[in-house]
Amino acid sequence: MEPKFHSIRHPLLHPIVLFVAAGLGLGVIFFFTSLDLQLAITAYVVIGITLLITLVDMFKTLKAGHWGLDILAVVAMISTLAVEEYLAGMIIALMLTGGEALEDMAAGRASRELDSLINRRPTFAYRLEADGTTMARVAITEVEVADVLVVRGSEVIPVDGELLSARASLDESSVTGEAMPVTKYPGDAIISGTVNGSETFQMRATTTAVDSQYAKIVQLVEEAVQSRAPMVRLADRYAVPFTIVALLVAGIAWWYSADPVRFAEVLVVATPCPLLIGAPVAFMGGMSSAATANVIVKDGGTLERLARVKTAAFDKTGTLTQGQPTVARIETVGGTEMETLQLAASAEQYSVHVFAEPIVQQARQQGLELIAIDHAQEVATNGVEATTVSGQRLRVGKSAFIAEVTPGFEELKLTAGETAVYVSCNDQLVGIIVLADPLREAATATIDWLADHGVEQMVMVTGDMESTAQAIAQEIGFRSEQVHASMTPTDKVDVVNAMKSPTLMVGDGINDAPILAAADIGIAMGARGSTAASESADAVITSERFARLADVTHIAKRTVSIALQSIWFGMAVSIGLMAVAAFGYLPATFGALMQEIVDIIAIVIALQALRLHRQLPSPHIGERSGLHQSLSIKG
């Protein structure tokens, strides 16, 4: 039986459960008052309606290609009517309908965290009209790129954009997992789905609602909620041999004892219809725990494959490294460090190059006031040329670009992974800003954790030059033969296809999309990664924390373990009870009550997967705290 995610009502509030429970209550009264006819009529009505509903569901399940244990419940209920074990039959009916209701509630609880992310998506925005003063409330679908929006205190950011106001304080925990509020400045990127603090600010939309970051996350979550794990189909397949064994034991017991009641007694304890829903409940719980850890898993099958992963490949830039160049140091030539940074940032604020933002950000952190620019022009692939209001001529960019106006200087010698930005003023070299793309926090510890937990082979696949790749490889402890540099997307796919399955690939860029799709498990660093990578991946890490990879792997392994515990516990206890019933030591009514208890225990076992996010490995491998604040989930 598949989880029904539309309902999380208490199981006792389901109409069919109320009906069967009321019938069972009347049946108990009739039994103890010796009103046998009334008891029989009540049993036939209650069991008949339950059979009708069950047969319709069975037909739909079989039509969808899935085999369940409902057939045992059907045969058991019919047999109890045949041998006049009316109370036992109505208990089975209550077990069957109550089990489905429990499944509703358990699956609803497991998917509640995922649903909460969907339900809190923004639906409207306040757009500033052309006059600059009038503010109109519009549907989020009406927001267009370049619209100026007003975001009030505590509101959800409707679309991706850039800040226009002097500052803003945002809670990004629901998207990136960052527990502390993040302060933004004019021009900084703002992610949809994050929550504004107390101050109203203005922003310019850079995407429509459909293309926004939060919409992509919601789409991934919706796919996750609707999925069905291969492990669940594996649990369904257990039903075939289990049904055969149950019918065989019941038949032998009837033949040996020559008592048809024995047949009913065996089948009463062999009808764990809600039992095997432990697998889907466990997988939904595991996906929920992964969402708590800022990893959106698209389907339960990903968790099953990830639990068995043997090999892994990693992209470098934006995956093992932060993908955000930072200012490593400033080499002075004709000026001071502060002067070099101030001149560079003043010109770079007009550039869209990836190196521009870290330079401008560094100047802001240093408290430098940028120089007013009268004219600026970005020279493609070279740098920025600008003129200040006081007439200073600035050039910021490659050494060859600066050498055009300032010949004769020597280029700075760099180590692998570093890039130099040269700064000149009035045709004189002022200084050189060295940028580096640092390793992600806990990257080395995460890879060590994976190696300690069953990943036998790991490699780096990158399009970067060999020297740069080897420098990062040394930092994370990879040997030279584990590094595949200067690779095209096709080369990367070939490397992964040659590795032992199941294979994990972690990447973030557009050129990673083919390899993410080709790997058995593709995980995208999606907080700032490309849409193509996120769509090709099986799971998306929505924060910037690389250690989330260890978290989701841990969750996957524990989820599969919990699912199997639920399955084997239920089957083992049911077989034991069948053996007792086959020798006539378990009356039908008492056996039905015992089976109900077993089913509830199996579901409780499966619900352990909801708490997996509480014991993640990331705090033990160097990650920051604040793990449980994302998505506002308490588990």
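Name the pairs whose Cβ atoms lie under 7 Å apart, with the first residue in the range 358-371 and within 16 Å of S390 (Cβ to Cβ), the second assigned to a loop (DSSP other than H, G, I, E, B) and not hydroxyl-bearing (S, T, Y), and 6 or more positions between them or separate chains?
L370/Q349
Looking at the structure I just gave you, is A64 among the small types (G, A, S) and modelled with pLDDT of 80 or more? Step through it out loud before you land on a result.
Numbers: among the small types (G, A, S): yes; modelled with pLDDT of 80 or more: no.
Judged against the criteria, A64 is not a match.
Any residue at all in the range 335-344 that is touching a Cys at 6+ places or on another chain (Cβ under 8 Å), in a loop (DSSP other than H, G, I, E, B) and over 16 Å from I555 (Cα atoms)?
Taking the range 335-344 first, the residues touching a Cys at 6+ places or on another chain (Cβ under 8 Å) are 335, 343.
Keeping just the survivors that are in a loop (DSSP other than H, G, I, E, B) gives 335.
In the following step, the residues that additionally are over 16 Å from I555 (Cα atoms) were identified as 335.
Scanning the range 335-344 turns up at least one residue that is touching a Cys at 6+ places or on another chain (Cβ under 8 Å), in a loop (DSSP other than H, G, I, E, B) and over 16 Å from I555 (Cα atoms).
Let's see how each residue does on (1) modelled with pLDDT of 90 or more; (2) outside the structural domain of S618 (by TED's automatic domain parsing); (3) surrounded by 20 or more Cβ atoms within 10 Å (Cβ to Cβ):
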position	(1), (2), (3)
G278	no, no, yes
A282	no, no, yes
A307	yes, yes, yes
A312	yes, yes, yes
D315	no, yes, yes
G334	no, yes, no
M338	yes, yes, no
S346	yes, yes, yes
V352	no, yes, no
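Say we look at the range 32-47 and pick out the residues that are closer than 22 Å to I16 by Cβ and either of a type outside the set (S, T, Y) or touching a Pro at 6+ places or on another chain (Cβ under 7 Å) (or both); which of these is surrounded by the most Cβ atoms within 10 Å (Cβ to Cβ)?
Here is the first cut: in the range 32-47, the ones closer than 22 Å to I16 by Cβ are 38-47.
Subset that is either of a type outside the set (S, T, Y) or touching a Pro at 6+ places or on another chain (Cβ under 7 Å) (or both): 38-41, 43, 45-47.
Values: Q38: 15, L39: 22, A40: 15, I41: 15, A43: 27, V45: 14, V46: 25, I47: 23.
This residue is A43.
Conditions: (1) touching a strand residue (DSSP E or B) at 6+ places or on another chain (Cβ under 9 Å); (2) at pLDDT 85 or above; (3) closer than 27 Å to S543 by Cβ. Y422 meets all but one. Number of the miss?
Answer for Y422: the failing condition is (3).
Using beta carbons and a limit of 9 Å, which pairs, at least six apart or on different chains, have the first residue in the range 552-568 and of a type in the set (D, E, K, R) and the second one surrounded by 24 or more Cβ atoms within 10 Å (Cβ to Cβ)?
Qualifying pairs under 9 Å: K557/L303; K557/L306; R558/G286; R558/S289; R558/A609; R558/L612.
Run down R440, R393 and say which single residue is surrounded by 14 or more Cβ atoms within 10 Å (Cβ to Cβ) and touching a Cys at 6+ places or on another chain (Cβ under 9 Å).
Sole residue among the options that is surrounded by 14 or more Cβ atoms within 10 Å (Cβ to Cβ) and touching a Cys at 6+ places or on another chain (Cβ under 9 Å): R393.
Taking the residues in the range 202-215 that are surrounded by fewer than 22 Cβ atoms within 10 Å (Cβ to Cβ) and either more than 26 Å from the chain's Cα centre (by Cα) or hydrophobic (A, V, I, L, M, F, W, C) (or both) as candidates, determine which candidate is farthest from G526 (Cα to Cα).
Of the range 202-215, the ones surrounded by fewer than 22 Cβ atoms within 10 Å (Cβ to Cβ) are 202, 204, 206-208, 210-211, 215.
After this cut, where a residue has to be either more than 26 Å from the chain's Cα centre (by Cα) or hydrophobic (A, V, I, L, M, F, W, C) (or both) as well, the list is 202, 204, 210, 215.
Values: Q202: 26, R204: 22, V210: 16, A215: 13 Å.
Within the range 202-215, the match that is farthest from G526 (Cα to Cα) is Q202.
Could you please give the count of residues in the range 204-239 that are at pLDDT 65 or above and in contact with a Pro (Cβ under 9 Å, 6 or more places away or on another chain)? If you could, list the steps in order and put the result at the bottom.
Looking only at the range 204-239, we keep the residues that are at pLDDT 65 or above, and these are 204-219, 237-239.
Keeping just the survivors that are in contact with a Pro (Cβ under 9 Å, 6 or more places away or on another chain) gives 205, 209, 212, 214.
Residues meeting the conditions: 4.
Can you find even one residue in the range 616-630 that is within 30 Å of L87 (Cβ to Cβ), touching a Ser or Thr at 6+ places or on another chain (Cβ under 7 Å), modelled with pLDDT of 75 or more and buried (at least 18 other Cβ atoms within 10 Å of the Cβ)? Can you show your working first?
Step one: filter the range 616-630 for residues within 30 Å of L87 (Cβ to Cβ), giving none.
Taking every residue of the range 616-630 in turn, none turns out to be within 30 Å of L87 (Cβ to Cβ), touching a Ser or Thr at 6+ places or on another chain (Cβ under 7 Å), modelled with pLDDT of 75 or more and buried (at least 18 other Cβ atoms within 10 Å of the Cβ).
Can you confirm whether T319 is β-branched (V, I, T) and either in the same structural domain as E85 (by TED's automatic domain parsing) or crowded, with 24+ Cβ neighbours inside 10 Å (or both)? Reasoning before the result, please.
On the way: β-branched (V, I, T): yes; either in the same structural domain as E85 (by TED's automatic domain parsing) or crowded, with 24+ Cβ neighbours inside 10 Å (or both): yes.
Answer is yes for this residue.
Could you list, in sequence order, the residues of the range 490-521 that are in a strand (DSSP E or B) and either modelled with pLDDT of 90 or more or touching a Cys at 6+ places or on another chain (Cβ under 6 Å) (or both)? Lay out the reasoning, then the answer.
As a first pass, look at the range 490-521 and keep what is in a strand (DSSP E or B): 503-507, 521.
The answer is T503, L504, M505, V506, I521.
The values are calculated or read from the model by the stated rules, or taken from the named source; none is laboratory data. Not measured: the values here are computed from a predicted model. As a convention, Cβ positions derive from the backbone with ideal geometry for all residues, glycine included, and neighbour counts pool all protein chains shown.
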